[in-house]
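Report on one structure; see the data block that follows.
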Amino acid sequence: MKTLINGVNMAWDDSGSGPALLLIHGFPLNRRMWRPQIATLTAAGYRVITPDLRGFGESDSIDDKYTMDLFADDLVCLLDHLGIGRAVVGGMSMGGYVLLNLLERYRERVTAACFIVTRSGADDETGKERRLNMARDAMEHGSRVVADFFVNMLFAEGTARQMPKLATEVYDWMTRSSARGLAGGLIAMRERKDYTPLLSGFHLPALIIGAEQDKAVSAEHLQVLAAGLPQHKLCLIPEAGHLVNMEQPVAFNNCLLDFLAGLLLT
């Protein structure tokens with residue numbers, strides 16, 4: 001589905017019925033990354049909302065400043081459009097940064113939070129410079145620059161060899177992404193705030209999902225989340241990298257369903 005949401009034509013899928021679960025994709029991906037979860041979650045009795053953030057997937061890319069505030073505002077407007085007052089929200093990597101923004105600014109809309117291979121801290125100066133340079137390269141040379149870098153970051157060692165169709169498909173997603181959207185996402189991540197000092201104020205059930213072979217988010221980042229969040233469960237999935245939900249979908253789904261089963265959702 002695709003319609004005008006908060007000034008941009010946004011694409012999303014709305015599957016199943018029951019308590020709402022909003023899943024936010026990572027960078028430089030799109031809503032199709034959640035494909036291994038949809039059937040399992042809907043069969044378990046959940047309504048699953050998977051949007052493409054502005055500038056990604058099939059959502060329009062507009063020539064404007066991208067921020068975490070704007071991404072979060074878009075998602076709240078989407079929930080309003082769908083008549084959903086509150087939802088369990090899961091965010092993968094960059095989607096986790098959007099989730100943190102939602103918790104700060106729209107806490108009343110989030111029933112529980114799922115932090116998926118993400119972190120609470122801001123970029124250091126080296127990281128900020130790297131994102132800025134990549135954003136410039138994307139605008140100058142196109143999305144393949146970003147795809148060539150991230151295809152090596154997304155998977156555990158051996159995944160590309162063992163799952164060549166998955167690796168090829170994900171690479172194709174990235175190369176087909178809007179260069180403007182990729183650059184905008186990079187700048188939004190570059191300028192995001194450090195949420196670590198705020199974690200102790202997020203009093204809601206939280207799930208932290210990590211991957212043992214993640215090249216992008218270290219175990220130390222997961223421990224920072226665990227140390228800060230008052231009500232958390234930590235699930236570390238073996239034999240998986242940053243794209244944990246696609247590399248190890250059964251283990252990922254079991255972890256998520258176990259968490260959801262412990263919530264009092266209506």
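Listed peptides 92-100, 213-221 appear in the order 92-100, 213-221 once ranked by packing, highest mean of other Cβ atoms within 10 Å at the front. Note: relative contact order over the chain, using C-alpha pairs below 8 Å and six or more positions apart, is 20 percent. The overall shape of the stretch 64-196 is prolate: from the C-alpha gyration tensor, with semi-axes ordered a ≥ b ≥ c, the ratio a/c is 1.5 or greater and a/b exceeds b/c. Potential lengthening of the chain between D172 and R32 amounts to 49.2 nm, from the contour at 0.36 nm per residue minus the alpha-carbon distance. Between the alpha-carbon centres of the stretch 149-192 and the stretch 1-47 there is a gap of 19 Å.
For the stretch 40-100, a crude dipole built from +1 on the beta carbon of Lys and Arg and -1 on the beta carbon of Asp and Glu, taken about the Cα centre, is about 380 debye to the nearest 20.
DSSP beta bridges confined to the chain are antiparallel in about 25 percent of cases. Using only side-chain charges placed at the Cβ, +1 for Lys and Arg and -1 for Asp and Glu, the dipole size of the chain relative to its Cα centre rounds to 260 debye.
Here V151, V244 are placed in order of increasing Cβ neighbour count within 10 Å, fewest first, which gives V151, V244. Per-residue ellipticity at 222 nm, computed for the chain from helices alone with -39500 (n - 2.57) per DSSP H run of at least four residues, works out to -13000 deg cm²/dmol.
Label-to-label distance, L204 versus F149, with points set 7 angstrom from Cα along the beta-carbon direction: 3.2 nm. The alpha carbon convex hull volume per residue for the chain rounds to 112 Å³.
Shape analysis of the stretch 1-124 places it in the rounded category; the axes a ≥ b ≥ c from the Cα gyration tensor give an a/c below 1.5. Amide hydrogen proximity for T111: with H placed 1.01 Å from N in the peptide plane, the residues at 5 or more positions away or on another chain lying under 5 Å are A87, V88, V89. Magnitude of the charge dipole for the stretch 186-266, about its Cα centre and with charges confined to Cβ atoms of Lys, Arg (+1) and Asp, Glu (-1), is about 280 debye. Which shape class applies to the stretch 136-266: rounded if a/c is under 1.5, otherwise prolate when a/b exceeds b/c and oblate if not, where a ≥ b ≥ c are the square roots of the Cα gyration tensor eigenvalues? It is oblate, given that a/c is not under 1.5 and a/b is not larger than b/c. Toward the positive end of the charge dipole of the stretch 188-266, with +1 on the Cβ of Lys and Arg and -1 on the Cβ of Asp and Glu, the farthest Cα among Y195, I209, L234 is that of Y195.
No lab work stands behind these numbers, since they all come straight from the coordinates. All values derive from a computational prediction rather than experimental measurement. In this analysis, Cβ positions are derived from the backbone assuming ideal geometry, glycine residues included, and neighbour counts consider all displayed protein chains.
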